[in-house]
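Undergrad: I'd like to ask you about the structure that follows.
Nothing in this text is a laboratory measurement; each read-out follows from the coordinates by a stated rule. Fair warning: this is a prediction, and the values are worked out from it, not measured in the lab. In this analysis, Cβ positions are derived from the backbone assuming ideal geometry, glycine residues included, and neighbour counts consider all displayed protein chains.
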Amino acid sequence: QVQLVGSGGGLVQPGGSLRLSCAASGTIFSIYSMAWYRQAPGKQRELVANIGSDGSTNYADSVKGRFTISRDNAKSTMYLQMNSLKPEDTAVYYCNADMRRFYNSPVRNYWGQGTQVTVSS
């Protein structure tokens, strides 16, 4: 069984910072692209940032310059450093990854359980 477990959410004041983590566990042969998505109440889930296996990154315009995505392949873990947080960043944040369980198994897409981020004074 493969799992993605997100953590690090919480309540923070505007202008503050949070660091989210997403750890992959289970039998994993390889992890390819990883990403963070978020979903605010009444809105569709949107891509926040993604990172390739080569470390290449891509960000939504709304978070460029404020958020930084990174990964530690040795720990099968992805991070999202969020600075200068705004109330509009309030959402449930989900991690996502394309992973292969065994050398000869297909690449499948997995979702974490979500972690709540609330930005409010």
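Undergrad: Give, in nm to one decimal, the length gained when the segment between T57 and Y103 is fully stretched (0.36 nm per residue of separation minus the Cα-Cα distance).
TA: On the way: separation 46, 0.36 × 46 = 16.56 nm, distance 2.54 nm.
Extending this stretch completely gives an extra 14.0 nm.
Undergrad: Answer with one residue from G8, S62, S30: the one whose Cα lies farthest towards the positive end of the charge dipole of the chain, charges on Cβ with Lys, Arg +1 and Asp, Glu -1.
TA: It is S30, whose Cα lies furthest towards the positive end.
Undergrad: Further question: Which whole-percent values make up P(r) of the chain when all C-alpha to C-alpha distances are grouped in 5 Å steps starting at zero?
TA: All Cα pairs considered, the percentages come to 2, 12, 23, 24, 18, 11, 6, 3, 1, 0, 0.
Undergrad: Quick one: what are the phi-derived ³J(HN,Hα) couplings along the range 88-94, Karplus 6.51/-1.76/1.60 with θ = phi - 60°, whole Hz, x for glycine and proline?
TA: Once θ is set to phi - 60°, the couplings for the range 88-94 become 6, 7, 4, 4, 8, 9, 10 Hz.
Undergrad: Using amide H atoms built in the peptide plane, which far-off residues or other-chain residues are under 5 Å from S30 H to H?
TA: Residues meeting the amide H criterion: R100.
Undergrad: For the chain, with only Lys/Arg (+1) and Asp/Glu (-1) charged at the beta-carbon, what is the dipole magnitude about the Cα centre, in debye rounded to 20? Walk me through the numbers on the way to the answer.
TA: Values: 12 positive and 7 negative charges, 30 e Å.
Computed about the Cα centre, the dipole is about 140 debye.
Undergrad: Just to be sure I understand: with springs between alpha-carbon atoms less than 10 Å apart, which residue in G42, G15, G26 has the highest mean-square fluctuation in the Gaussian network model of the chain?
TA: Largest GNM mean-square fluctuation: G42.
Undergrad: Can you give the net charge of the other residues whose Cβ lies under 10 Å from the Cβ of V92, counting K and R as +1 and D and E as -1? Walk me through the intermediate numbers first.
TA: Details: positive: R38, R45; negative: none.
Counting the neighbours of V92, the net charge comes to +2.
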